[in-house]
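Here the structure comes first, spelled out in C-alpha cells, and everything after it is commentary.
The values are calculated or read from the model by the stated rules, or taken from the named source; none is laboratory data. Keep in mind that what you see is a predicted model, and the values were worked out from it rather than measured. All Cβ positions, glycine included, derive from the backbone under ideal geometry; neighbour counts span all protein chains shown. The area values use the complete protein model at the heavy-atom level, side chains included, leaving out ligands, DNA and RNA. Shrake-Rupley method; radii C 1.70, N 1.55, O 1.52, S 1.80 Å.
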Amino acid sequence: MTIERHSLAKELPEFKDKIHELKMKDRHFARLFDDYHNLDHEVIRIEEGVENTSDEYLESLKKQRLHLKDQLYAILKCA
C-alpha cells in the first residue's frame, strides 16, 4: 500500500512560490510550516507501520495536521 504524503506544496500547489517566500521571511509561518511537516512525517511513519500507536492517537495527529494546514492556508491567502 502506498502512503500519500501531504506536503504543503502538493496540497496547495497554487501557493508554491508564496510558501517558499514566507518560509524565508515570516518566522511564524516557518514555525507552523515545520510543525505541519513534522506532523505529516509522524503520520506517515505510523501509517507505514514504522511506529505503532492507537487509532485515536493517529486521528488526533491528523486533526492537528489539518488545523495547521488551515492556519497556513489563511496566512497564504492574506499574503
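Listed values, structure above:
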read-out: Filter result for the condition that a residue is touching a helix residue (DSSP H, G or I) at 6+ places or on another chain (Cβ under 9 Å), in a helix (DSSP H, G or I) and at pLDDT 95 or above, over Asp70, Asp35; value: Asp35
read-out: Single residue of the stretch 2-16 satisfying the filter (over 22 Å from Gly49 (Cβ atoms) and among the hydrophobic types (A, V, I, L, M, F, W, C)) that is modelled with the highest pLDDT; value: Phe15
read-out: Residue list for the stretch 1-27, filter: in a helix (DSSP H, G or I), of a type outside the set (D, E, K, R) and free of Cβ contacts under 8 Å to residues at least 24 places away in the same chain; value: Ala9, Pro13, His20, Met24
read-out: Yes/no for Asp26 being loosely packed, with under 15 Cβ neighbours inside 10 Å and closer than 18 Å to His67 by Cβ; value: no
read-out: Odd one out for Glu4, checked against (1) closer than 21 Å to Lys63 by Cα; (2) open to solvent by less than 50 Å² (accessible area, probe 1.4 Å); value: (2)
read-out: Of residues in the stretch 38-61 being hydrophobic (A, V, I, L, M, F, W, C) and within 11 Å of Arg5 (Cβ to Cβ), the one surrounded by the fewest Cβ atoms within 10 Å (Cβ to Cβ); value: Ile44
read-out: Residue in the stretch 57-65 that is assigned to a loop (DSSP other than H, G, I, E, B) and among the charged types (D, E, K, R) present; value: no
read-out: Residue list for the stretch 29-58, restricted to those being in contact with a Leu (Cβ under 9 Å, 6 or more places away or on another chain) and free of Cβ contacts under 8 Å to residues at least 40 places away in the same chain; value: Ala30, Phe33, Asp35, Tyr36, His37, Leu39, Asp40, Glu42, Val43, Ile46, Thr53
